[in-house]
Amino acid sequence: MTLSRYIWIFLIALILFSCEAIMPEPDPDFIPIPKDVQDFVSEEQLPDDQEVRGDYFSEDPYLLLFSVPYGPAMDCPSGCFYSVAGGIKTERQIGWALSEDYPGGVLSIENRYSIDEYETVLFDTSIYNNIRESKWGEGWYWCILRYLAVDADTPSHVLEYIALSLYNYISPSMTIDLLSNPKIGSEPTVLCIMSANPLASQQGSQSSIRDSLSAYGINCSDY
């Protein structure tokens, strides 16, 4: 296995286990959870898991975002909170996509949602704002974008969308994710969008973007 492959696996694991999403406690109005999702969560054998909650649902295209609090209650004098695992179900598969795992290292990376060239739902940028505007959508919105940012199978139009999203949101980690994508050298438009970002200095990314443009011989005046 090459060094770049190790780095790519590390980045995927880092996002899976540390994505910062603010996830509330179960709500009485949560979306009913299909049995296959219930079975998927049960097979993970999360410690002290609670009820699985649906955070967002779409019939066409089919998309269910779900989460489950687990582990011991923490910081109860200030209002208890728990570790939370979040997953994605589409017509093709079920898998984990994010975790606020305070004990550390509970979720199986083998059971993560696997993005490949056959993905359809998560490559549909029209659905992103629907997710963001849903009841618990802000955290899910940014976590899904980070999840897509590092994957070599994410298409150009989605990477461009993510780069443009950084014009209104300061996220050095998202910038690093994009620059770490294995195919970023073949995405000159994405790099040039990042280079023109007026918030690039606040993203802490100007020198890294310049280095990438130079390394890949990209002149933004050509795009």
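Readers should treat all values here as calculations from the given coordinates under stated rules, not as data from a laboratory. Since the structure is predicted, the reported quantities are computational estimates derived from the model, not experimental observations. Virtual Cβ from ideal backbone geometry, glycine too; neighbours counted across all protein chains shown.
Descriptive notes on the structure:
- S207/K135 FRET efficiency (R0 30 Å; Cβ-Cβ; nearest 0.05): 0.15
- Sum of side-chain charges, I193 neighbourhood, beta-carbon under 10 Å (Lys, Arg +1; Asp, Glu -1): -2
- Take the Cα of A215, step 7 Å toward its Cβ, do the same at D39, and the gap between the two points is 4.4 nm.
- Contact order, relative form, for region 77-223: 15 percent (alpha carbon pairs under 8 Å, 6 or more residues apart, mean separation divided by residue count).
- A Förster distance of 25 Å, applied to the separation of the beta-carbon atoms of V121 and S156, puts the FRET efficiency at 0.90.
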